[in-house]
Amino acid sequence: MSGSSLSANEPAAADDGTGRIAPAEVALLASVFLIAACGLVYELAAGALASYLLGDSVTQFSTVIGTYLFAMGLGSWLSRWLERQLVAHFLRIELLVGLVGGLLPAALFLAHNSLPAGQGWAFRVLLYALVLGVGALVGLEIPLVMRILKRQFSERYALRDLVSQVLTFDYLGALAVALAFPLLLVPQLGLVRTGLVFGLLNAAVAVWALWLFRGELRRWSAHAAACAAVIGTLGLALVQADRLTRWSEERFYGEHILYQAQSDYQRIVVTGGPAGTRLFLNGNLQFHERDEYRYHEALVHPALAAQGAPQRVLVLGGGDGMAVREVLKHPTVQSVTLVELDPHMTRLFADEPRLAALNAGALRSPKLTVVNADAWTWLEAQRSPEAVWDVIVIDFPDPSNFALGKLYTTSFYQVVDQHLSAGGFLAVQTTSPLLARRSFWTVVATLEAVGLQTWPYHAHVPSFGEWGFVLAGRRPWRMPTVLPAELRFLTPAGLPALFHFPPDMARVPAEPNRLSDQRLVRTFEEEWGRLHQ
């Protein structure tokens, strides 16, 4: 826009003396709200995907947000070079933001699932290139809107009023999305669809500008064709979102996808193949049907059998119901409480026949009480004298980020210890003592730091390799001489071998994992990261 007066075809550009605001002014201020909303969606989607796919949510969100804000500043600085045809520039930028930002989640998802193993660096290059590009384009938007408003409505606005008005709508848009993104958008649409829907909103702002300033824009038909092309591309991608996601995930997992969903907390994918069913959470394997019994028998039975006659058992995590299945093999057990954060998981493994068969219908047992809540928060709220269990089984995912790492700290284990009976035992899944040796022994040191005796052990699970567990309690633990008869892996004669560590898995010095520093997360990332280099 060159500052010339609007043509006769253009909407009113100023107050008509009655105090009414011109349509163009309303449109531009509304576009500020949408621009802020769309920009924040792209930022949050990039951070969430980086967290899901790369782990360590604090690091990923921090670096993505920092890069995005830097790019916005760069875009704002570059806006000074746009002097003529401001509306045309604004329209083109909106289309670019809508196209690149809208496709960003899908592009990252496809890239991660298509790149060969060991090419994590290529995914990071693409991630930060897209974040820089979208951030710079978003940074260009607001300065252009302010300049268009100032030139169009100079008689209505002093500079301070203009800045106040624009930033108010900008922050309101950001607030709306910040609330809607985790509570509504991702649970209902998923990350890929959310990106595409907001890309279409950016394109809608461009169409709005195309109509409102139709008398000023040169090459109006070319701009209209560009709008149609972008909307068509995003619309087609939205229609094909499910097929695109399924294709990329089947390519990544190498098997037929039986079930895929984005819950409030994680990406859930269940695959099926000749060897059986597999469960993945955020791309990480949780179990394979062919050998999960080895993992779950090792996790549950050494603690329950040694306790003698457990009646009340608490399972933290393990929403697939496999650990509960093993607990219910002990006839003395009268009640089991399962605390699983994600209700989507417990519903899926209770209601889906193929998956419920894997846990032998354990999640429908009359002995079971399912609680969908944060384990730490829920435990702290249990104040009654009855909130004590004979055995507590902890089956959380590995400490790959700080949200999970807090569940491996001295602070959390102190809370758990308060709910363990005097003669009870605690069983904790850890990580591989062979591939992540320091991480494994850090968990042991953490349990010992709260005053618990520990008995580390390991088992070979082909899908994972050597896997580690820790028994803990306040009374001496003795090797069980009797186990449930229907076990497929553990035997009383074979148990002692699980507690023997060869030199390459033997204990190494490790400091406790505390909530204030969470050194375990950094150690875990470092050790497992070496395997993918």
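The values are calculated or read from the model by the stated rules, or taken from the named source; none is laboratory data. Given the structure is predicted, the values throughout are model-derived calculations rather than measurements. Please note: Cβ atoms are built from the backbone with ideal geometry, for glycine as well, and neighbour counts cover all protein chains shown. Remember, those area values only see protein heavy atoms, side chains included, never the ligands or the DNA or RNA. Shrake-Rupley method; radii C 1.70, N 1.55, O 1.52, S 1.80 Å.
A few notes on this one:
- Three-way shape call for the stretch 318-433 based on the alpha-carbon gyration tensor, with the a/c threshold at 1.5: oblate
- Relative to the longest principal axis of the Cα atoms of the chain, the long axis of helix 437-449 lies at roughly 70 degrees.
- Ignoring aspartates and glutamates fewer than eight residues from Lys329 along the same chain, the ones with Cα atoms less than 13 angstrom from its Cα are Glu297, Glu486.
- With 0.36 nm allotted per residue and the present C-alpha distance subtracted, the Gln311-Ala261 stretch has 14.4 nm of extension available.
- Rounded D (µm²/s) - the chain, Kirkwood Rh over Cα pairs, Stokes-Einstein at 20 °C, 1.002 mPa s: 82
- A Förster distance of 60 Å, applied to the separation of the beta-carbon atoms of Glu526 and Arg218, puts the FRET efficiency at 0.60.
- Taking trypsin sites (Lys or Arg not before Pro) across the stretch 197-280, the ones in a DSSP loop with at most 13 further Cβ atoms lying within 10 angstrom of their Cβ are Arg218, Arg219.
- Beta bridge orientation in the chain: antiparallel %, DSSP, nearest 5: 60
- Helix 159-180 vs. the chain, principal-axis angle (Cα, 0 to 90°, nearest 10): 30
- Remark: the stretch 179-320 carries 41 Å² of accessible area per residue (probe radius 1.4 Å; ligands, DNA and RNA excluded).
- Simple spin-label estimate for Ala275 and Asp374 in nanometres, 7 Å along Cα-Cβ: 3.7
- Computed [θ] at 222 nm, helices only, for the chain once each DSSP H run of length n ≥ 4 contributes -39500 (n - 2.57): -17500 deg cm²/dmol
- Distance (nanometres) between label positions extended 7 Å along Cα→Cβ at Arg92 and Leu115: 3.1
- Residue-span extension gain [Val125 to Arg84] - 0.36 nm each, minus C-alpha spacing: 11.4 nm
- Rolling a 1.4 Å probe across the protein heavy atoms gives the stretch 385-533 an accessible surface of 42 Å² per residue.
- For the stretch 469-533, the list of GluC sites (Glu not before Pro) that fall in a loop by DSSP and count at most 10 other C-beta atoms within 10 angstrom reads Glu486.
- Helix 220-239 axis, angle to the chain major axis (alpha carbon atoms, nearest 10°): 20
- Of the residues Leu299, Leu53, Leu115, the one whose Cα sits farthest towards the positive end of the charge dipole of the chain is Leu115 (charges of +1 on Lys and Arg Cβ, -1 on Asp and Glu Cβ, taken about the Cα centre).
- A Förster distance of 56 Å, applied to the separation of the beta-carbon atoms of Leu172 and His460, puts the FRET efficiency at 0.50.
- Note, ³J(HN,Hα) from phi for the stretch 190-207, Karplus 6.51, -1.76, 1.60, rounded to Hz, x at Gly and Pro: x, 5, 5, 5, 4, x, 5, 4, 6, x, 5, 5, 4, 5, 5, 4, 5, 5
- Share of carbon and sulfur in the accessible heavy-atom surface of the chain [1.4 Å probe, %]: 59
- Placing +1 on each Lys and Arg Cβ and -1 on each Asp and Glu Cβ, with no other charges, gives the chain a dipole about its Cα centre of roughly 420 debye.
- FRET E, pair Leu515, Arg243, Förster distance 60 Å, beta-carbon r, rounded to 0.05: 0.85
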